[in-house]
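Chemist: What follows is a structure written as structure tokens; I'll ask about it next.
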Amino acid sequence: MTDFYSRVYEIVEQIPFGRVTTYGAIANCLGAAKSSRLVGVAMNYSHLTHPHLPAQRVVNRIGLLTGKHHFIEHSMQELLENEGVIVVDDRVIDFASLFWNPSDNI
DNA sequence: ACAGTGACTACAT
DNA sequence: AATGTAGCCACTG
């Protein structure tokens, strides 16, 4: 576990139920706007260090479920739909209004 | 210490 | 509009 990853997980934990955010937004909130890829890498490791992290609430900038293949037990789409988030064709419907900006909450 | 990696993005063709 | 390319940077081996 590292500081940067911990920072990422802290933010992901704060994503409200039924809302989503993006890798870029999280990176930006950490003051590392160009490190969106690192957020993705952090999420890849999250299942080891933070198994219960709501990783399904983190999608890419257009609401695409790019990380769905990393979900083993439950599908990313299933988890989102359990929260009332509609997903069609691997994309979050009404993504713009469901988007939660981490910077607004910190 | 150095090169490779990646759940991303923005820009170019 | 739909692909392709190229920066990005903390972590890992």
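Chemist: In whole Hz, what ³J(HN,Hα) sequence does the range A:96-106 give by Karplus (6.51, -1.76, 1.60; θ = phi - 60°), x for Gly and Pro?
Modeler: Residue by residue, the range A:96-106 yields 4, 7, 7, 4, 10, 8, x, 4, 6, 9, 6 Hz.
Chemist: So for chain A, averaging the separation of alpha carbon pairs under 8 Å that are six or more residues apart and normalising by length, what relative contact order in percent results?
Modeler: 32
Chemist: Follow-up question, since we're still on this one. Return the tail of the calculated pair distribution for the range A:21-60, meaning the percent of Cα-Cα pairs more than 15 Å apart.
Modeler: Tail of the P(r) past 15 Å holds 35 percent of the pairs.
Chemist: Here is a follow-up. Residue by residue through the range A:33-49, which ³J(HN,Hα) values in whole Hz follow from phi under the Karplus form 6.51 cos²θ - 1.76 cosθ + 1.60 (θ = phi - 60°), with glycine and proline marked x?
Modeler: In residue order, the calculated couplings are 4, 9, 10, 4, 4, 5, 4, x, 4, 4, 5, 4, 8, 4, 5, 8, 8 Hz.
Chemist: Looking at A:Gly18, A:Thr66, A:Asn28, which one has the Cα that reaches farthest to the positive end of the dipole of the range A:7-106 (charges on Cβ: Lys, Arg +1; Asp, Glu -1)?
Modeler: Result: A:Asn28, furthest along the dipole toward the positive end.
Chemist: Can you give the Rg to Rh ratio for the range A:51-95, taking only C-alpha atoms and Rh from Kirkwood?
Modeler: Rg/Rh: 0.91.
Chemist: Whole-Hz ³J(HN,Hα) for each residue in the range A:78-91, computed from phi via Karplus 6.51 cos²θ - 1.76 cosθ + 1.60 with θ = phi - 60°, x for glycine and proline: what do you get?
Modeler: Per-residue couplings from phi come out as 4, 4, 5, 5, 5, 9, x, 8, 7, 10, 10, 6, 6, 10 Hz.
Chemist: For the range A:17-106, what is the convex hull volume of its Cα atoms per residue in Å³?
Modeler: 96
Chemist: Which value in deg cm²/dmol, rounded to the nearest 500, describes the helix-derived mean residue ellipticity at 222 nm for chain A, given -39,500 (n - 2.57) per DSSP H run of n ≥ 4 and division by the residue count?
Modeler: So the helix-based figure for chain A works out to -12000 deg cm²/dmol.
Chemist: Same structure, new question: Under a point-charge model restricted to the Cβ atoms of Lys and Arg (+1) and Asp and Glu (-1), what is the dipole moment magnitude of chain A relative to its Cα centre, in debye to the nearest 20?
Modeler: For chain A, the charge dipole is close to 380 debye.
Chemist: Also, I was wondering about something else. Given the peptides A:87-99, A:42-54, arrange them by the average over their residues of other C-beta atoms within 10 Å, most packed first.
Modeler: In descending order of packing, they fall as A:42-54, A:87-99.
Every number in this text was worked out from the coordinates using simple rules, so none of it is lab data. Just so you know, these numbers come straight off a predicted model, no measurement behind them. Don't worry about glycine lacking a Cβ; one is built from the backbone with ideal geometry, like all the others, and counts go over all protein chains shown.
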